[in-house]
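Accompanying notes for the structure given below.
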Amino acid sequence: LVRGCSCRGTAGFAHVSCLAEQAKILVAEAEENNLGAKVLDRWSLWSTCSLCEQKYHGVVHCALGWACWKTYLGRPETGRVLAMKMLGNGLSDAGRHEDALPVREAELAMYRRAEGPEASSWGISWSILTTQGNIAMSLTALGRFEEAVRMRQEVYSGLLKLNGEEDESTLKAAMNHAASLVSLKRFEEFKSLMRKMIPVARRALGESNDTTLRMRSSYANALCEDADATLDDLREAVTTLEDTARIARRVFGGAHPITGGIEAALRDARAVLRAREAPPGES
């Protein structure tokens with residue numbers, strides 16, 4: 001019995017086996033009735049709550065990833081590759097990055113084998129780019145920053161060309177590329193990219209969207225990490241985190257990792273600002 005989404009009260013608890021069975025039944029129903037695009041929409045039930053429509057997180061996401069993989073292991077490659085994506089995402093969300101990386105590399109190899117005359121029907125270009133983005137995420141978590149930043153630059157440029165700057169996948173790619181720049185202490189490039197893309201996210205996705213919140217909070221975090229940040233930069237970071245923390249608590253609740261991460265970052269940012277504002281000798 002787990003709680004892994006943003007549902008409140010007793011509606012927030014469910015058995016993992018029930019969540020898996022629900023996803024399995026609804027995907028099968030869509031396939032049997034030839035519902036086309038709705039089949040892919042229902043695949044999201046392996047990672048997203050059908051009630052609050054927020055993604056599962058942590059070990060719940062990981063458990064559903066394994067359940068999805070076991071369900072479709074014997075299927076044709078077009079279905080199996082989607083299950084592999086769910087498994088890789090679940091492993092990563094649970095912090096099992098060494099396990100997630102080979103799963104994602106195998107997924108990328110499957111997409112590349114599918115390139116050719118039927119590539120457009122599979123959406124291969126988009127799938128390859130998003131899988132490369134996931135691989136870069138695992139590389140970053142494993143400390144392989146140079147490899148990650150090169151791959152994320154390629155993904156961001158590809159999605160920008162393919163979908164335009166207002167598409168959520170492009171905005172996520174921009175945020176991830178920016179995070180790679182921070183890992184290499186390339187703060188000026190980071191700030192330039194984020195100051196360009198955050199207003200796009202707020203306009204296209206809305207203030208309450210999880211990608212918008214993550215972009216704004218990661219921007220504020222990086223301002224605090226920059227040794228050359230000014231007092232105005234640090235004040236901007238605190239103000240940004242106060243606003244995003246308030247929105248996250250309202251949308252996701254206090255137990256959600258997005259809320260917890262932003263509130264922890266806010267405490268750290270306030271401490272950094274206090275230290276910088278203190279008179280000499282008192283910090």
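The values are calculated or read from the model by the stated rules, or taken from the named source; none is laboratory data. Source: prediction; values computed, not measured. Reconstructed Cβ throughout: ideal geometry from the backbone, glycine too, with neighbour counts over all protein chains shown. Note: areas computed on protein heavy atoms with side chains; ligands, DNA, RNA excluded. Shrake-Rupley method; radii C 1.70, N 1.55, O 1.52, S 1.80 Å.
Values for this structure:
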| quantity | calculated |
| --- | --- |
| Condition met for residue 77 (free of Cβ contacts under 8 Å to residues at least 12 places away in the same chain, over 21 Å from residue 261 (Cβ atoms) and not β-branched (Val, Ile, Thr)) | no |
| Long-range neighbours under 7 Å by Cβ, at least six apart or interchain, first residue under 15 Å from residue 193 (Cα atoms) within region 148-168, second in a loop (DSSP other than H, G, I, E, B) and among the hydrophobic types (A, V, I, L, M, F, W, C) | 149/184 |
| Region 97-108 residues that are open to solvent by less than 30 Å² (accessible area, probe 1.4 Å), paired with ones that are outside any helix (DSSP H, G or I) (beta carbon under 8 Å, 6 or more apart) | 101/142 |
| Test for residue 88: is it buried (at least 17 other Cβ atoms within 10 Å of the Cβ) and under 21 Å from the mean Cα position of the chain (by Cα) | yes |
| Residue list for region 145-168, restricted to those being of a type in the set (Gly, Ala, Ser), under 24 Å from residue 204 (Cβ atoms) and surrounded by 19 or more Cβ atoms within 10 Å (Cβ to Cβ) | 158 |
| Every pair of residues 6+ apart whose Cβ atoms lie under 6 Å, when the first sits in region 203-229 and is of a type outside the set (Val, Ile, Thr) while the second is outside any helix (DSSP H, G or I) and open to solvent by 40 Å² or more (accessible area, probe 1.4 Å) | 204/166 |
| Filter result for residue 164 (at positive phi and more than 18 Å from the chain's Cα centre (by Cα)) | yes |
| Residue within region 118-133 that is open to solvent by 40 Å² or more (accessible area, probe 1.4 Å) and either among the aliphatic types (A, V, I, L, M) or assigned to a loop (DSSP other than H, G, I, E, B) (or both) present | yes |
| Selection status of residue 203, modelled with pLDDT of 95 or more, within 29 Å of residue 246 (Cα to Cα) and touching a helix residue (DSSP H, G or I) at 6+ places or on another chain (Cβ under 7 Å) | no |
| Evaluation of residue 263 against (1) assigned to a helix (DSSP H, G or I); (2) without any contact (Cβ under 8 Å) to a residue 12 or more places away in the chain; (3) of a type outside the set (S, T, N, Q); (4) closer than 23 Å to residue 5 by Cβ (one fails), failing number | (2) |
| Filter result for residue 205 (closer than 22 Å to residue 52 by Cα and among the aliphatic types (A, V, I, L, M)) | yes |
| Restricting region 1-60 to residues that are β-branched (Val, Ile, Thr) and closer than 15 Å to residue 71 by Cα, the residue that is surrounded by the fewest Cβ atoms within 10 Å (Cβ to Cβ) | 25 |
| Condition met for residue 31 (farther than 19 Å from residue 130 by Cα, in a helix (DSSP H, G or I), at pLDDT below 90 and among the acidic types (Asp, Glu)) | yes |
